[in-house]
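One structure is given here, and the rest of the page talks about it.
The values are calculated or read from the model by the stated rules, or taken from the named source; none is laboratory data. Treat the numbers as computed from the prediction; the structure is a model and nothing was measured. In this analysis, Cβ positions are derived from the backbone assuming ideal geometry, glycine residues included, and neighbour counts consider all displayed protein chains.
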Amino acid sequence: MVNLTLTPAVEVTKTCVRRRFRTSTCQACADVCPAQVFSITQSLVAVEALHCIGCGHCLFVCPSEAISGITPVKRHYRDDTLIAPFSAHAPTVNELLIWHRDYAIRFVAIEMSRSEEWIMAIANLNLTLRRCGEPEWAFKADDPKGINVSRRALFHVPRPQTEQRSVKPGIRSLRKDFPKASARQILLDLSGCQMCGACWRTCAVGAIRFENSELVLDSALCTGCEGCASACMHQALRIEKSAENSQVTHVSTHEKQCVSCHSHFKTVSSKESQCFLCKHHTHGMR
């Protein structure tokens with residue numbers, strides 16, 4: 001029998017940071033979903049697909065882009081303005097940022113008194129755009145041009161073309177387009193870091209990387225998945241939300257040879273003489 005249901009087949013794929021790391025605390029999809037489709041169960045994310053309303057909010061906030069089965073909402077726009085009909089729920093700031101960059105949208109033609117949710121969405125968007133040095137959005141009345149009444153029989157002004165499209169979600173590409181909008185800071189405790197490499201091998205976007213004998217912490221690229229913090233067995237790394245502009249931190253490292261096992265290792269301390277394994281072994285041996 002043919003299945004005629006219109007229920008979105010929303011699914012959380014294996015790239016979900018909660019599936020990759022048992023200690024992950026990410027719940028971006030659950031926090032943004034107006035229909036409460038997502039629920040956190042132990043280390044996984046459960047999905048009630050029957051409750052999904054297809055708003056697509058989760059697509060624009062998932063740090064590992066692990067949501068599948070649904071598509072972004074198609075929106076109407078004319079020139080630099082989003083116009084009616086509007087979706088029941090205002091879009092996320094991340095989606096509006098993509099409209100800002102890809103289609104140069106700067107206005108929303110909606111009656112402010114009837115949409116508190118849109119007011120909040122544009123207000124939060126403008127805070128981000130201001131921090132990025134980008135032009136802010138505004139509301140305006142939707143007053144399309146039509147026939148010139150005074151010269152009805154002789155002159156007609158064409159109505160501007162109205163288009164309907166959806167933007168492609170992608171928080172990783174969004175971070176590259178708006179590096180100051182990350183709102184994340186990667187913080188490293190140098191006294192606890194053992195340079196084991198778990199953090200930079202875990203980071204899929206290169207926000208943490210090892211270059212030219214330096215550990216580079218590039219907060220502008222951080223998507224906020226916190227996989228690096230989950231992978232750090234020494235609890236020396238954490239990701240914090242911040243209203244400040246994203247920073248790039250360079251941590252100098254040193255190449256050493258262990259006095260106990262004679263293996264080569266990297267350390268952030270120039271005074272270190274033993275590798276991590278030898279230093280923490282009860283009897284000074286591996």
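Structure summary
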quantity	calculated
Residue among Phe178, Phe210 that alone is closer than 30 Å to Phe21 by Cβ, at pLDDT 90 or above and either in contact with a Phe, Trp or Tyr (Cβ under 6 Å, 6 or more places away or on another chain) or of a type outside the set (Val, Ile, Thr) (or both)	Phe178
Search result, residues across the stretch 158-182 that are surrounded by 13 or more Cβ atoms within 10 Å (Cβ to Cβ) and either assigned to a helix (DSSP H, G or I) or in contact with a Cys (Cβ under 9 Å, 6 or more places away or on another chain) (or both)	Pro169, Ile171, Arg172, Ser173, Leu174, Arg175, Asp177, Phe178, Pro179, Lys180, Ala181, Ser182
In the stretch 104-123, the residues that are more than 22 Å from the chain's Cα centre (by Cα) and surrounded by fewer than 16 Cβ atoms within 10 Å (Cβ to Cβ)	Glu111, Met112, Ser113, Arg114, Glu116
Test: residue in the stretch 132-141 that is in contact (Cβ under 8 Å) with a residue 24 or more places away in the chain, in a strand (DSSP E or B), surrounded by fewer than 21 Cβ atoms within 10 Å (Cβ to Cβ) and not aromatic (Phe, Trp, Tyr)	yes
Exclusive hit being of a type in the set (S, T, N, Q), assigned by TED's automatic domain parsing to the domain that holds Leu188, part of a loop (DSSP other than H, G, I, E, B) and under 13 Å from Ile186 (Cα atoms), set Thr249, Thr223	Thr223
Glu211 being exposed (fewer than 13 other Cβ atoms within 10 Å of the Cβ), in contact with a strand residue (DSSP E or B) (Cβ under 7 Å, 6 or more places away or on another chain), not assigned by TED's automatic domain parsing to the domain that holds Phe21 and not basic (Lys, Arg)	no
Residue count, the stretch 168-199 (criterion: small (Gly, Ala, Ser) and under 18 Å from Ser213 (Cβ atoms))	1
Unique match (being within 20 Å of Arg18 (Cα to Cα), among the β-branched types (Val, Ile, Thr) and touching a Ser or Thr at 6+ places or on another chain (Cβ under 7 Å)) among Val205, Val268	Val205
Among the candidates Thr71, Thr41, residue that is polar (S, T, N, Q) and either under 18 Å from the mean Cα position of the chain (by Cα) or assigned by TED's automatic domain parsing to the domain that holds Thr92 (or both)	Thr71
Those residues of the stretch 227-244 which are assigned to a loop (DSSP other than H, G, I, E, B) and either among the aliphatic types (A, V, I, L, M) or surrounded by fewer than 21 Cβ atoms within 10 Å (Cβ to Cβ) (or both), in sequence order	Met233, His234, Gln235, Ala236, Ser242, Ala243, Glu244
